[in-house]
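Comments concern the structure below.
Values in this text are rule-based calculations from the coordinates and carry no lab data. Given the structure is predicted, the values throughout are model-derived calculations rather than measurements. Note that we place each Cβ from the backbone using ideal geometry, even for glycine, and neighbour counts take in every protein chain shown.
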Amino acid sequence: MRTSRNFIDTQDLGPDVIRAQMDLIRLLKQADKQNACPRLLEGASLGMIFEEASTRTRVSFEVAMTKLGGPCVCTSSPERSIWARRRTSPTPPEVLSAGWWTRWRSAPSNTRHRHRLRASTLEVPVINGLTDYNHPTQAVCDVFTMTEHTDKPFSELTVVFVGDATNVCTSTAHDRDHARWHVHPRPPGAVRDQGAVADRPGRDRQERGTFTAAATSRPRTSRTRSSNADYIYTDLWWWFGQEAEIPDRVKAFKPRYQVNAQLMARAPEHAKFMHCLPASRGVEATDEVMDSAQSIIYDQSENRLHTEKGLLAWYITPNLEHPTPALRAYHEGRIESFLHDAVTR
């Protein structure tokens, strides 16, 4: 099965790869539930680089790598400032290139190109955890979570995204490339650049499902779409560095783009509510919706762990060479003999 060495963009995955990844994540989740997760990555290590605070993403990758048998090293902003002051030194990715995952935050206009250039210079797999442009690991998690809550084929699913055109909205829209579902994001165009939800050139239109990229300021349109929804998805209305915009954003979005009981009532009874978390309760979604029987937000959150296990195993295992027991015993004997002679001499 043809697959990229790196996972940078949701559109890096073809339909056959994403379906195989779903099967792998499912197997790992079943094993984990019985406390029998295989230690597939013994001998490998994971380096993580964060340019902003993270809890769920960082913890899910750390625990996933630990369960798979390998250690994890995490660097954040203070360590990165040291690298920045020593411009002649190798970059963190070059130093931590031993089967590592990284998270950059950079401008949406050049994010994909910058990441591909950086990843192409390394000899280890790179997994992009999040950028301003998209959130590919969350996208895989969301696909997996949806498979657990529907018996429909993907081609018959309708996903309605309500709110800002965030990186999660972009990833959900691009999921149609491999899932072939119908996605209807409805973000107001005045708040974010709508180029983020544009088609990627060169894709075969027969490979993907229907995707409506038009922005709207008419909530009635969103409510009409929700009447056919299998999943209603929303995300935060602001992120790091946008705190000064909070009053304007709340004014622009609330209550027209809030997921509340009235909006959910227009959806079919089987429709599920999704949010990638963290959430601002009572803002983009009400407590009534988030805590309802239709909400699967905590299933999404748990599945980030199983998704990270699947992605790490998928991308690192092909590059990992396990020594034979004989080779391990040979080196252990040589080193023990050396230490015995050196210490007792």
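Partner lysines whose Cα lies under 19 Å from the Cα of K152, excluding those fewer than 8 positions away in the same chain, are identified as K272. What does the C-alpha gyration tensor say about the overall shape of region 1-71? Classify as rounded when a/c is under 1.5, otherwise prolate if a/b is larger than b/c, or oblate. Here region 1-71 falls in the oblate category. Each peptide in 54-64, 131-141 gets a packing score, the mean of other Cβ atoms within 10 Å over its residues, and the list from highest to lowest is 131-141, 54-64.
The Cβ shell under 15 Å around A293 holds other residues with a net charge of -4, Lys and Arg each +1, Asp and Glu each -1. Cross-link partners of K67 among lysines, defined as those whose alpha carbon lies under 17 angstrom from its own and excluding same-chain residues fewer than eight positions apart: K29, K33, K309.
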